[in-house]
Amino acid sequence: MSHLSTPTFQPLRIAVLTISDTRNFGNDTSGQALADLLQAAGHVLAERALVIDDVWQIRARVAQWIADPSVQVVIMTGGTGFTARDNTPQAVAPLLDKQVEGFGELFRQVSIAEIGTSMMQSRALAGLSNGTLVACLPGSTGACRTGWNQVLQAQLDSRTRPCNFVPHLKSLPEQVVVACASRAL
């Protein structure tokens, strides 16, 4: 299976979406943490946005990024719990071509050490759509750090063996590759 990993790191273009009725860019510590973590790992923050917890607004924003040839990954924070305003999973699920069944299971497994049985109240999920990995994490900053550090970071690293998600993601248009390369210089 070594063909599913590469010896060199491939930076990905990742969009971050915060779902919240109360946060703004000034106090969105979860979205900021994800943006900081992905950039520290060598990836490119393609875009960052914030929408209220509304099925149609979430779905519209995510669908826009799925259709965008320059966005390879979408990571969302918020709206994965059980309150009446937690709508992220039902907004995103219809957009997915294939669900990554183990994502939510693994996220809850690694979360148990931090939050105990409260981990059952996370409906974290992920899937692939149009060559874009879409991942939904809870809204807490700690959950975002856990999700990135213990689940997503390795699977978004082209060097992770025996396999990772990078070969399943859309290839970037040439002009985006050139722009990314010039920023790295």
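One table, with the values for the structure above:
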{"read-out": "Matching residues, the stretch 45-92, being of a type in the set (V, I, T) and surrounded by fewer than 19 Cβ atoms within 10 Å (Cβ to Cβ)", "value": "I52, V55, T83"}
{"read-out": "Positions within the stretch 21-31 being of a type in the set (S, T, N, Q) and surrounded by fewer than 18 Cβ atoms within 10 Å (Cβ to Cβ), in sequence order", "value": "T22, N24, N27, T29"}
{"read-out": "Qualifying residue in the stretch 64-75 (condition: modelled with pLDDT under 95 and over 13 Å from the mean Cα position of the chain (by Cα))", "value": "no"}
{"read-out": "The lone exception for A135 - which of (1) at pLDDT 90 or above; (2) within 17 Å of V44 (Cβ to Cβ); (3) in contact with a Lys or Arg (Cβ under 8 Å, 6 or more places away or on another chain) it fails", "value": "(3)"}
{"read-out": "Subset tally (residues that are of a type in the set (A, V, I, L, M, F, W, C) and in contact (Cβ under 8 Å) with a residue 60 or more places away in the chain) for the stretch 108-160", "value": "10"}
{"read-out": "Only listed residue being touching a helix residue (DSSP H, G or I) at 6+ places or on another chain (Cβ under 6 Å), of a type in the set (S, T, Y) and at pLDDT below 95, chosen from S111, S182, S158, S171", "value": "S111"}
{"read-out": "Residues (surrounded by 13 or more Cβ atoms within 10 Å (Cβ to Cβ) and either among the basic types (K, R) or more than 13 Å from the chain's Cα centre (by Cα) (or both)) located in the stretch 1-20", "value": "L4, S5, T6, F9, Q10, P11, R13, S20"}
{"read-out": "Single residue of the stretch 69-122 satisfying the filter (aromatic (F, W, Y) and in a helix (DSSP H, G or I)) that is farthest from W56 (Cα to Cα)", "value": "F107"}
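The values are calculated or read from the model by the stated rules, or taken from the named source; none is laboratory data. Because the structure is a prediction, the values reported are computed rather than measured. Using ideal geometry, Cβ is built from the backbone for each residue, glycine included, and neighbour counts are taken over all protein chains shown.
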